[in-house]
2 protein chains.
Amino acid sequence: MTITPRIHRMTKQRQIILDVLKKTESHPTADWIYEKVRQEVPRISLGTVYRNLRVLKEMGDIQELNYGSTYSRFDGNTKPHYHFVCLDCGDIMDIHVPVYTELDKDAAEETGGKVEFHRLEFYGICSGCIQ
Amino acid sequence: MTITPRIHRMTKQRQIILDVLKKTESHPTADWIYEKVRQEVPRISLGTVYRNLRVLKEMGDIQELNYGSTYSRFDGNTKPHYHFVCLDCGDIMDIHVPVYTELDKDAAEETGGKVEFHRLEFYGICSGCIQ
DNA sequence: GTACGTGCAAATATTTTGCAGCAGT
DNA sequence: ACTGCTGCAAAATATTTGCACGTAC
C-alpha cells in the first residue's frame, strides 16, 4: 500500500504558461500571464492559469513572489537570486549579487530548526524613478 | 497653497490594536487581531481594524508581512530583524542574528537605485516540527 | 466646531473549486 | 483506457470603501 505520486502531464496550456514565464524579464501577475497566454489559446480560463502556476511551482519550475502587495507575482528564473522592489513604481527586478548561503547556517543555529533556503528583497527607489 | 498633512488621532480602537500587536510574540493576521480587540471593544468592525493597520503602518509603528500566503500578517516589532517561516506549520518567528546593512550598499551599486531597507526570511522546518 | 474615525454593509480583488467533458500518456 | 486536465461558472477568501453618525483635538 504505497502512495503513488501524482503524475503531471505536459499539456499545451501548461507548456505555453511556462514558456511565457521563461521568456519574460518582468515578474508578472497571474492576470498578466492569462492575457498573454490568451493570445495563443483564446479559450483558456483564468482558473487553468492558476492551477498550472501551482503545479509548475510544486515541480520547482517557477517561483511565486508575494512582496508588498495583495496579489502574487511569478518568476520563471529558478536559480537562487535576490530582488529589488521599487517603492515608487512597484516594479520588481532581479539583482545580480552573489547569494550568501552561509546565512542559512547562522539562522539554523539560532532557531534550532532546519533551513532550506532564504529570500532577500531590497526595497527602495529604482534608477528610473530617481531622476 | 501648501499641502496640509493628515493628522492622526489616537482613538481607543487604534490604541488597543497597537497594544495587542506590541504585546504578542506571534505575527497575527488581521482577523486574529480583530477577534482579540473584540474582547475589549465588542462592536469594532473588521474594516476599522484594516484601516487602523494601514495607518499604523504608514506611521511606522508596525510592519506588514506577506510571506508565502495570500493574507498579510502584522508585526509590532519595528526594530530591524529577520524572520524564519516554517514550511510545515506555517509559523513565523523572529530571528536574532545581526542585521547586515552593508548588503544595501551592494544592491544599490548593482541597480543604480537607492536602497531604503531590505527584508530577509529563512524558510525551513522549525525545531518543533522536526521531532 | 472641524474633520478624522467608526460601524455597518456592500463592493472589490484575487484565488480556488465542483463538475462534466476533453486529452496526454 | 485511465486519470489528469480543461473551460465554465460559482464560491471562497481577503481587503477596501461609501455613507451617516460619532468623537478626539
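Here, each number is a calculation from the coordinates, and none is a lab measurement. Everything numeric in this text was worked out from a predicted model, so none of it was measured. As a convention, Cβ positions derive from the backbone with ideal geometry for all residues, glycine included, and neighbour counts pool all protein chains shown.
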Legend entry - Those residues of the stretch A:105-131 which are more than 17 Å from residue B:81 (Cβ to Cβ) and at the interface with chain B (Cβ under 7 Å from one of its Cβ atoms), in sequence order: A:112, A:114, A:116, A:117, A:124, A:125, A:126, A:127, A:130
Inset, instruction - Check whether at least one residue in the stretch A:122-130 is part of a loop (DSSP other than H, G, I, E, B) and aliphatic (A, V, I, L, M), and report yes or no. - result: no
Inset, instruction - Tell me which residues, restricted to the stretch B:91-104, are at the interface with another protein chain (Cβ under 7 Å from one of its Cβ atoms) and closer than 23 Å to residue B:29 by Cα. - result: B:93, B:95, B:96
Legend entry - Which numbered condition residue A:89 fails, given (1) more than 22 Å from residue B:112 (Cβ to Cβ); (2) in contact with a helix residue (DSSP H, G or I) (Cβ under 6 Å, 6 or more places away or on another chain); (3) in contact (Cβ under 8 Å) with a residue 12 or more places away in the chain: (1)
Legend entry - Selection count, the stretch B:46-70, where residues are near DNA strand D (Cβ under 8 Å from one of its atoms) and either surrounded by fewer than 16 Cβ atoms within 10 Å (Cβ to Cβ) or within 12 Å of another protein chain (Cβ to nearest Cβ) (or both): 8
Inset, instruction - Pull up the stretch B:9-44, narrow it to residues that are more than 13 Å from DNA strand D (Cβ to nearest atom) and among the hydroxyl-bearing types (Ser, Thr, Tyr), then point me to the one that is farthest from the other protein chains (Cβ to nearest Cβ). - result: B:24
